Each structure stands twice: as C-alpha cells, then as structure tokens.
Amino acid sequence: MSRKKPSKSKGASAPAASTLPAANGPQPARSGTARPGPDAPPNGPPQPGRPSLGSDGDFYDVAFKVMLVGDSGVGKTCLLVRFKDGAFLAGTFISTVGIDFRNKVLDVDGVKVKLQMWDTAGQERFRSVTHAYYRDAHALLLLYDVTNKASFDNIQAWLTEIHEYAQHDVALMLLGNKVDSAHERVVKREDGEKLAKEYGLPFMETSAKTGLNVDLAFTAIAKELKQRSMKAPSEPRFRLHDYVSREGHRASCCHP
Ligand SMILES: Nc1nc2c(ncn2[C@@H]2O[C@H](COP(=O)(O)OP(=O)(O)OP(=O)(O)O)[C@@H](O)[C@H]2O)c(=O)[nH]1
Ligand SMILES: [Mg+2]
C-alpha cells in the first residue's frame with residue numbers, strides 16, 4: 001500500500017490536473033487518493049463497503065475534491081485552517097502561491113467522507129494555474145469578504161470563470177467571510193442573500209476568526225456530495241439550500 005506523504009507546503013507547485021470522466025464522479029476510497037495531480041487515480045463509483053486507508057493514515061469510504069476560490073485576502077486559507085485545525089491564522093497576511101491542499105475526513109450519517117480541500121491563490125497572476133484544477137472539483141466554495149466591496153463585486157466574474165472551467169454540475173456555495181468585523185462591514189447580509197438568490201446559490205456568512213458557520217459550510221458540502229454519490233432510493237433527497245438556510249447561524253447570534 002502506498003504511503004506517499006502529500007506535499008502540504010504553501011507554494012506547492014501545481015501538478016497537471018488529472019482526467020475525470022464527464023460525470024464528475026466521486027473518488028472511491030483507496031490508498032493514495034490524498035495526492036492530487038497526475039498520480040491521482042481516476043474517479044469512479046464509490047465503494048462504501050470498503051473503507052480504505054488514505055496516505056494520511058485516515059480511513060474513509062469516499063473522497064471528494066472541494067476547491068476554495070475568491071479574491072486574494074477574502075480568507076480562503078484562514079477558513080480552511082479554521083476547519084482543519086480549529087485555529088485562526090492571525091497576524092501577517094501571507095498570500096497563497098499557486099495552490100495548496102489539506103484533507104479532512106468527516107462522518108456523514110455513518111459514512112466516512114474525505115474532503116480533499118484545495119486552497120487556491122486569489123491573486124490574478126495565478127489564475128492560469130487554478131484554471132487547471134476546476135474541472136476536477138466536485139464542489140466549490142466561492143468567498144467574498146464582507147469588509148471589501150470589490151471582492152463582492154467580483155463574484156460575478158468568478159461565476160463566469162466557474163461556468164467556463166468547472167463541471168456543469170459542480171456543487172457551489174457562496175460565502176461572505178469576516179462577519180466578525182462588524183465595524184468594517186460594507187456588504188450587507190441582504191446583499192449577499194440577494195446575489196445568491198439571483199444565481200440560485202446556497203449562501204452563508206462565515207468568520208474564520210470566530211469559527212461562525214465554518215464547520216457547517218464544509219459539512220453541508222460533504223452531505224450534498226455524499227448524497228449525490230450514494231443516495232439510497234428510499235432515502236429522502238438532501239436539499240443543500242434548505243439545510244444551509246435552516247442551520248446557518250446569524251453573526252448577531254454570537255455563535256463561536
Ligand atoms: N477579521 C477577520 N479576518 C480574517 C478572517 N479570515 C481571514 N482574515 C484575515 O484576512 C487576511 C487574508 O486571509 P487569507 O486567508 O490569507 O486570505 P486568502 O483568501 O487565502 O488570500 P490569497 O491566498 O491571497 O488568495 C489575513 O490577514 C487574515 O488574518 C475572518 O474571518 N475575520
Ligand atoms: Mg490563501
């Protein structure tokens with residue numbers, strides 16, 4: 001069994017994207033799937049009955065790729081670190097170079113779902129690098145910063161890019177981050193809701209600093225992807241929109 005250690009360093013150079021079948025199927029559990037790029041095995045139907053050991057030493061049933069996109073500085077890396085490690089990266093802003101990734105295995109209704117989370121660089125000069133990864137993504141978290149109007153205005157441009165490069169059925173969620181910075185807020189919650197409605201996207205406001213809605217955003221995506229790939233005929237359909245609007249906490253509720 002392969003025990004390759006995946007590169008986790010910032011600034012990891014971008015491997016070429018691996019080929020996916022048109023159906024954008026989930027990755028079945030098997031060793032070595034933690035490593036993105038040319039060595040990653042082709043996707044295929046999930047095999048929930050055969051939990052496998054990933055290269056991080058983590059058992060999982062099915063794996064999916066989730067990509068974080070949005071302008072530089074909106075908090076993609078911090079959101080990922082908050083979710084993965086439960087910590088906030090305060091201090092000097094270190095912009096991501098190229099692409100970085102982290103893995104986390106979640107228990108979704110008794111199924112071990114491994115999320116391979118790709119943290120992209122928001123800076124324009126890395127755009128061609130990130131384009132190569134879109135088509136392999138099963139889900140995209142599109143972020144803007146509620147204290148930065150330009151990052152909100154750029155959401156439409158990001159959606160155009162997503163439609164151009166991602167799979168047509170990619171699971172997509174819009175996140176307005178940094179809601180802890182109430183005094184600096186320039187994008188109202190209603191504006192985010194309106195934009196999300198316009199494009200038919202599930203929407204939540206988050207804070208990588210306090211952790212507000214961070215676990216929820218990733219869990220919602222994991223539930224959606226797991227259901228898409230292994231829903232039993234008798235099982236009621238998971239509705240991402242409903243789940244997110246029902247479970248999403250408002251910043252004023254002072255959740256963690
Ligand atoms: N107050 C507050 N600051 C945040 C939050 N999330 C991120 N930040 C800060 O915003 C800055 C940018 O965060 P990053 O996560 O590095 O931004 P990024 O989107 O990864 O940026 P690129 O890698 O350049 O694309 C850092 O100084 C963070 O400390 C948040 O939820 N609240
Ligand atoms: Mg970053």
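Quick look at the numbers
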quantity	calculated
The stretch 91-140, residues that are away from ligand 2 (no atom under 15 Å from the Cβ) and touching a Ser or Thr at 6+ places or on another chain (Cβ under 7 Å)	Leu106, Asp136
Subset of the stretch 193-223 [farther than 23 Å from His138 by Cα and touching a residue at least 40 places away in the same chain (Cβ under 8 Å)]	Ser207, Lys209, Thr210, Gly211, Leu212
Single unsatisfied condition, Asp136 versus (1) out of contact with any Leu (no Cβ under 9 Å at 6 or more places or on another chain); (2) surrounded by 20 or more Cβ atoms within 10 Å (Cβ to Cβ); (3) at negative phi	(1)
Within the stretch 68-106, considering residues that are in a strand (DSSP E or B) and either among the β-branched types (Val, Ile, Thr) or within 12 Å of ligand 1 (Cβ to nearest atom) (or both), the one surrounded by the fewest Cβ atoms within 10 Å (Cβ to Cβ)	Val105
Of the criteria (1) surrounded by fewer than 22 Cβ atoms within 10 Å (Cβ to Cβ); (2) of a type outside the set (Ser, Thr, Tyr); (3) touching a residue at least 24 places away in the same chain (Cβ under 8 Å); (4) assigned to a loop (DSSP other than H, G, I, E, B), which one Arg228 fails	(4)
Some residue of the stretch 146-153 being in contact with a strand residue (DSSP E or B) (Cβ under 9 Å, 6 or more places away or on another chain), free of Cβ contacts under 8 Å to residues at least 24 places away in the same chain and within 28 Å of Asp180 (Cα to Cα)	yes
Selection count, the stretch 108-149, where residues are farther than 16 Å from Val66 by Cα, of a type outside the set (A, V, I, L, M) and assigned to a strand (DSSP E or B)	2
Number of positions in the stretch 150-181 that are farther than 26 Å from Lys226 by Cβ, in a loop (DSSP other than H, G, I, E, B) and not hydrophobic (A, V, I, L, M, F, W, C)	4
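Just so you know, all these numbers are worked out from the coordinates, no wet-lab data involved. Just so we're clear, the structure is a prediction, and the values are computed from it rather than from any experiment. FYI the Cβ positions are ideal-geometry reconstructions off the backbone, even for glycines, and counts take in every protein chain you see.
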